[in-house]
Amino acid sequence: MVATATSPIRADLPEGILSAKVDTTQTKDADGYYYKAGDLVEIAADETIKKATAGGRVIGVLVSSIHESAAPEGLDSRHRVSVLTKYRKIVELTAEGAINAGDYVVASTTTPGRVKAASPLTVSIDAGSTTVTSTAANGNITTVSGSVPPEDIIGICWKGGADGSKVLVLI
């Protein structure tokens with residue numbers, strides 16, 4: 001018998017439609033909607049979305065709704081919505097370090113074949129630079145050059161895990 005590698009693809013997202021659990025702490029709006037088609041959403045937890053917050057990592061827009069008439073007792077773990085997203089696949093990859101749902105995922109820089117949570121973007125300001133004196137700017141000038149980001153984003157974590165475990169990534 002010949003051993004073969006199994007595909008890392010765990011799901012295709014036909015036309016970019018992702019079926020997702022909902023954050024059950026969402027309250028209904030004045031029209032009775034907990035989730036309404038057209039709402040922007042972000043990842044709240046493993047395989048779970050919530051309405052997008054200011055500055056959140058939006059993964060898509062709802063194409064389905066949950067109204068109080070469909071959830072008269074409130075939301076529970078059985079409720080699902082459809083999200084139109086730019087992502088086309090859910091793949092299973094091996095984590096280097098802990099990766100949480102909603103983290104951007106990049107290739108490991110130390111272990112081939114693994115992925116890690118992307119590093120947060122930081123900026124260093126040279127305290128010795130000349131102070132800007134115009135009314136349009138304030139602070140010190142730092143020069144940034146180049147066009148390649150330090151880490152290429154592979155996708156966003158859909159279901160997280162600990163170091164060495166399998167995680168699900170939207171790509």
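Observations, loosely collected:
- Remark: residue 166 falls outside the filter, which requires a residue to be under 20 Å from residue 47 (Cβ atoms), charged (D, E, K, R), modelled with pLDDT of 60 or more and under 15 Å from the mean Cα position of the chain (by Cα).
- Any hit, region 28-46, residues being of a type in the set (Gly, Ala, Ser) and under 21 Å from residue 169 (Cα atoms): yes
- Within region 60-77, the set of residues being touching a Lys or Arg at 6+ places or on another chain (Cβ under 6 Å) and either over 24 Å from residue 16 (Cβ atoms) or in a strand (DSSP E or B) (or both) comprises 68 only.
- Total residues in region 2-47 satisfying the condition of being in a loop (DSSP other than H, G, I, E, B) and at negative phi: the figure is 21.
- Hits in region 107-126 - residues which are in contact with an Asp or Glu (Cβ under 6 Å, 6 or more places away or on another chain), surrounded by fewer than 19 Cβ atoms within 10 Å (Cβ to Cβ) and not hydroxyl-bearing (Ser, Thr, Tyr): 114
- In this structure, residue 113 does not qualify as at pLDDT below 60 and on the phi > 0 side of the Ramachandran plot.
The values are calculated or read from the model by the stated rules, or taken from the named source; none is laboratory data. Owing to the predicted nature of the structure, the values given are computational and were not obtained by experimental measurement. Reconstructed Cβ throughout: ideal geometry from the backbone, glycine too, with neighbour counts over all protein chains shown.
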